[in-house]
1. Could you give each residue of region 3-15 its phi-based ³J(HN,Hα) in whole Hz, using Karplus coefficients 6.51, -1.76, 1.60 with θ = phi - 60°, and x for Gly or Pro?
2. Quick one: Karplus J couplings for region 72-81, per residue in order, coefficients 6.51, -1.76, 1.60, θ = phi - 60°, nearest Hz, x for Gly and Pro?
3. Of C114, L168, V182, whose Cα points farthest to the positive end of the dipole of region 102-182 (charges on the beta-carbon: +1 Lys, Arg; -1 Asp, Glu; origin at the Cα centre)?
4. Find which of L71, T124, I95 sits farthest along the positive direction of the dipole of region 2-219, computed with +1 on the beta-carbon of Lys and Arg, -1 on that of Asp and Glu, about the Cα centre.
5. From the phi angles alone, apply the Karplus equation (6.51, -1.76, 1.60; θ = phi - 60°) to region 188-200 and give each ³J(HN,Hα) in whole Hz, x where the residue is Gly or Pro.
6. Please compute the contact order of region 2-219 in relative form: average sequence separation of alpha-carbon pairs under 8 Å and at least six residues apart, divided by the residue count, as a percent.
7. List every residue whose amide H lies under 5 Å from the amide H of V3, counting only residues 5 or more places away in sequence or on a different chain, with H placed 1.01 Å from N in the peptide plane.
8. Hand me the trypsin sites (Lys or Arg not before Pro) from region 103-207 located in a DSSP loop with no more than 16 other Cβ atoms within 10 Å, in residue order please.
Amino acid sequence: MVVAGVFLRLYIANPGWVLRKPREFITELLEKWSAMSSVTSPDGEALEVITTAICAFCEANQALLDQIPQLGHIPKIFRAMSSRNNAIPKTAILITHQLSFSGVCIRAMAQTDCIGSLKVGMKTRRDMIGVACEALNKIFSQGEEDLVEQALKVEMVDFLVRLLETGLETLENSAATKAQIVKALKSMQRSLKYGEEVTVILDKQAVWREYKDQKHDLFISDRPIAGYLTGPAVAGYLTAGNARSSMPDAPPPMDN
C-alpha cells in the first residue's frame with residue numbers, strides 16, 4: 001500500500017526516515033483512516049496498516065502533532081469509538097494515545113465529545129484499557145476544565161474507580177494501568193472548577209482510600225504500556241520506485 005508516494009510497510013519498519021512532505025503524508029493517512037472507519041466492514045489488514053503508519057508517524061514526529069487538529073479529524077476519531085465493528089474502536093484508541101502527547105491536540109479534544117466516546121471504546125475493547133488509561137492520564141494532566149466537566153457528565157470518575165477495584169486482572173501490566181488511573185484521577189482533583197466535585201465522588205469509594213496516598217510513579221516507565229501495532233518489516237525502498245533486493249543504508253529517494 002502506497003500513500004503520498006510512501007510504501008507504508010517500509011515506512012512502518014523505518015519510521016525515523018525523513019519524509020519529504022510529512023504534512024501531506026499524515027493528511028492522506030488520516031483521510032484514508034477516516035474513510036475506512038466510516039464503513040461497516042473495512043479491509044482489516046489495510047486498516048491495521050494505516051493505523052500503524054499513523055501511530056508510527058506521530059511517535060517519530062511529535063513536533064508535528066500540533067498541526068493535526070487543523071486537519072479536522074479529531075472529532076471523527078472519537079466518533080469512531082462507537083463503531084459496531086470492534087476493530088475500529090481499537091484503532092481510534094491507539095491514535096488517541098499518540099495525540100495525547102500534544103497539548104494542542106488535547107485542547108482540540110476538549111471541543112468535542114471525547115471522554116464519553118473514549119469510555120465507550122474502553123468498554124468495547126477491554127484489551128485497550130491500558131493504552132486508553134495512559135492517554136487519559138496525559139489528557140487530564142493538561143488541566144483542561146472542559147475535559148473534567150465531560151468526565152463528570154459521563155461518570156468517568158466512577159468508571160475508573162471501578163477499574164481499580166476489578167476488571168484489570170487480564171491486562172499484562174495491571175499495576176502500571178492502575179498507576180495511570182490514579183494519576184488521572186488526581187489530575188482531575190486539581191481542577192479549580194470541578195476538583196471538589198471529583199473529590200466528593202472519590203471519597204465515597206472505599207477502594208480509593210487504598211490508592212490515594214500511594215506513590216505510583218515507580219509503576220510507570222518511560223515506555224508506553226502498549227505502543228502502536230507492529231507490522232512485519234519488508235525489505236526494499238520506502239517510496240515508489242525501482243525495487244532492489246537489499247535495504248539501503250541511507251533513507252530512500254523520494255518521488256519527484
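1. Once θ is set to phi - 60°, the couplings for region 3-15 become 10, 6, x, 10, 6, 5, 5, 6, 5, 4, 6, 9, x Hz.
2. Per-residue couplings from phi come out as x, 9, 4, x, 5, 4, 6, 5, 5, 5 Hz.
3. After comparing all options, I get L168.
4. Of the listed residues, the answer is L71.
5. Per-residue couplings from phi come out as 5, 5, 7, 4, 5, 8, 10, x, 5, 5, 5, 5, 4 Hz.
6. Details: 244 pairs, mean separation 33.3, N = 218.
Reported as a whole number, the value is 15 percent.
7. Amide H neighbours of V3, under 5 Å, 5+ apart: L8.
8. Values: sites: R107, K119, K123, R125, R126, K138, K153, R162, K178, K183, K186, R190, K193, K204; in loops: R125, R190, K193, K204.
In loop regions of region 103-207 (DSSP not H, G, I, E or B), the sparsely surrounded trypsin sites (Lys or Arg not before Pro) are R190, K193, K204.
Taken together, the values in this text are just the output of simple stated rules run on the coordinates, not laboratory data. All figures in this text were calculated on a predicted structure; none of them were measured in a lab. Cβ: placed from backbone, ideal geometry, glycine included. Neighbour counts: every protein chain shown.
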